[in-house]
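*Asks:* Can you keep this structure in mind? I'll have questions shortly.
The values are calculated or read from the model by the stated rules, or taken from the named source; none is laboratory data. These numbers were taken from a predicted model, which means no experiment stands behind them. All Cβ positions, glycine included, derive from the backbone under ideal geometry; neighbour counts span all protein chains shown. Ligands, DNA and RNA are excluded from the accessible area calculation, which covers all protein heavy atoms including side chains. Shrake-Rupley method; radii C 1.70, N 1.55, O 1.52, S 1.80 Å.
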Amino acid sequence: MNNRERLGSRIGFIMLAAGCSIGCGNVWKFPWMCGQHGGGTFIFVYLLCLILLGLPTMTLEFALGRAAQTSPVYMFQKLKPENKKWGAMGYVCLAGNISLMAFYTVVTGWIISYFAKFLTGSFGSMGFVKMIVDPGLNVTYLLVTVAVSFTVLCFKLQCGVERITKYMMTALLVLILVLGIHSLTLSGAIEGMKFYLIPSLSKINGALIVGAMNQAFFTLSVGMGSMAIFGSYIGKDRSLMGETVNIIILDTLVAIIAGVIIFPACFTYNVEVGAGPSLLFDTMASVFNNMKGGRWWGTLFFLFMVFAALSTVLGVCENIVAMVRELTGWNRPVVCLLCGAVVFALGLTTALGFSVLHFQPFAEGSTWLDFWDFIVSTNILPLGSLVIALFCCNKFGWGWDEFMAEANAGKGLKVQNWMKPIFRYFVPLAIIFVYLYGIITFNW
């Protein structure tokens, strides 16, 4: 069964594909990166990365998925020329998806925890630092996330979950728009919006460009086969660049509005804009604590966030299950049990990394979360995107003509021949340059 049957509409596909990054990529990590890299300046460079790198790469990955009609583990092997070896990239995709779940499931657990606190009215005693150093709480909500996700996958309940998620994502868009308008009425709104939207070109440096590129790939979930699965569900009646543009617009809209909610609140309630991973949780708790009916606003917000985050977990874990099933030939329940156990075991490193399982992989203060994020965001996503660009645009891979034929099938925005130098040369060279600079200057 394909996604067109499961979703029943093109709008459903766009909402779910965008939802794969909205839950944690945009509402959680995007404001965090903005706070660390100067607000408006980061947004300016981030948007350039989305257009120049994210748009081509997502179109390429969609085309791979739709042409191959298989999981990423065999996607390259199916489309490669004879006597060429591209099979290893499929295993890199598998490793990337698993590594992402090693911390994404924990972040989803944090969101579920905040939802539970608001629902029960005990949000007054909340705090991000207090939450992450509680091993029992972290392990409990990690287990809930993994158990729910793999139970859904085991019994093929995705149909109902995806339909619900489609409507929940629509509701989330409406809710964050309301919260964004509310934030603009706060006393710190002007100062917050100046920080958030006004760029200063003099502040652009190598670290900011590296962060913007990595965030663009992270928020679009490109480079490790996640979008290829969605690509395999797109009908031949729609061109792929047009669908990519729609998803990026929706994705970016949510990211921008998330910042509109958070940064005026930061300047109003004296929350440090460079607080890092805690920015979403502490800021939103402050907003709802000071809103009339804040308990119920907070409950709704984090409920929708739970669905957005779970849509990502389900999509990535289904990717993992599909790849392992193709490699082993085992049935779905056995593979779900095995993959669930592996994801839970790896997730324990992040869940306990702030309390009993201390590990400093890089500079002082770094944890398991930083380690897994380094593996995925700093390495696998950009390097995977590089490989996809090389594979799709050169004769030693799938080839430009084959890619164009697949990408341009159907109605909508088309890939033009004049774009070939961008796809074939600019994208790979830009990724290589920024990646190498990021590794050389990384805070080891």
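*Asks:* Name the longest site-free stretch of the chain, where the excluded sites are GluC sites (Glu not before Pro) in a DSSP loop with no more than 11 other beta-carbon atoms within 10 Å.
*Replies:* Values: sites that count: E82, E364.
Excluding the exposed sites themselves, the longest stretch runs over 83-363.
*Asks:* May I ask you to evaluate 6.51 cos²θ - 1.76 cosθ + 1.60, the Karplus curve with θ = phi - 60°, for each residue of the range 392-402 and list the ³J(HN,Hα) values in order in whole Hz, giving x for glycine and proline?
*Replies:* Karplus-based 3J(HN,Hα) across the range 392-402 equals 7, 10, 10, 5, 6, x, 5, x, 4, 4, 5 Hz.
*Asks:* To continue, here is another question. For the chain, what's the relative contact order in percent, using C-alpha pairs closer than 8 Å and at least 6 residues apart?
*Replies:* On the way: 713 pairs, mean separation 150.3, N = 444.
In percent, rounded to a whole number, it is 34.
*Asks:* I've got another one for you. Using modelled backbone amide H atoms (1.01 Å from N, in-plane), which distant-in-sequence or interchain residues come within less than 5 Å of S239's amide H?
*Replies:* So S239 has HN proximity to K411, G412.
*Asks:* Here's something else I'd like to know. Could you order D373, D251 so the one with the most accessible surface comes first? Probe is 1.4 Å.
*Replies:* Working: D373 30, D251 0 Å².
Highest to lowest solvent-accessible surface, that is D373, D251.
*Asks:* Shape call for the range 357-444 from the C-alpha gyration tensor, a ≥ b ≥ c root eigenvalues: rounded (a/c under 1.5), prolate (a/b greater than b/c) or oblate?
*Replies:* Numbers: a/c = 3.46, a/b = 2.57, b/c = 1.35.
Because a/c hits 1.5 or more and a/b exceeds b/c, the range 357-444 counts as prolate.
*Asks:* Once you have a ≥ b ≥ c as the square roots of the Cα gyration tensor eigenvalues for the range 157-294, tell me rounded if a/c is under 1.5, and otherwise prolate or oblate according to whether a/b is larger than b/c. Can you show the working numbers first?
*Replies:* Values: a/c = 2.33, a/b = 1.41, b/c = 1.65.
Verdict is oblate for the range 157-294.
*Asks:* Same structure again: Keeping the other protein chains in place, figure out the carbon and sulfur percent of the accessible area of the chain, with a 1.4 Å probe.
*Replies:* Summing carbon and sulfur atoms, their accessible area is 67 percent of the total for the chain.
*Asks:* Right, another one. Among the trypsin sites (Lys or Arg not before Pro) in the range 360-444, which ones are in a DSSP loop with at most 14 other Cβ atoms within 10 Å of the Cβ? Mind listing them? Let's see the in-between values first.
*Replies:* Details: sites: K395, K411, K414, R424; in loops: K395, K414.
In loop regions of the range 360-444 (DSSP not H, G, I, E or B), the sparsely surrounded trypsin sites (Lys or Arg not before Pro) are K395.
*Asks:* Using the heavy atoms of the protein chains alone and a 1.4 angstrom probe, what is the accessible area of the range 310-444 per residue in square angstrom? Walk me through the numbers before you get to the answer.
*Replies:* Details: 6160 Å² over 135 residues.
Computed with neighbouring chains in place, this is 46 Å² per residue.
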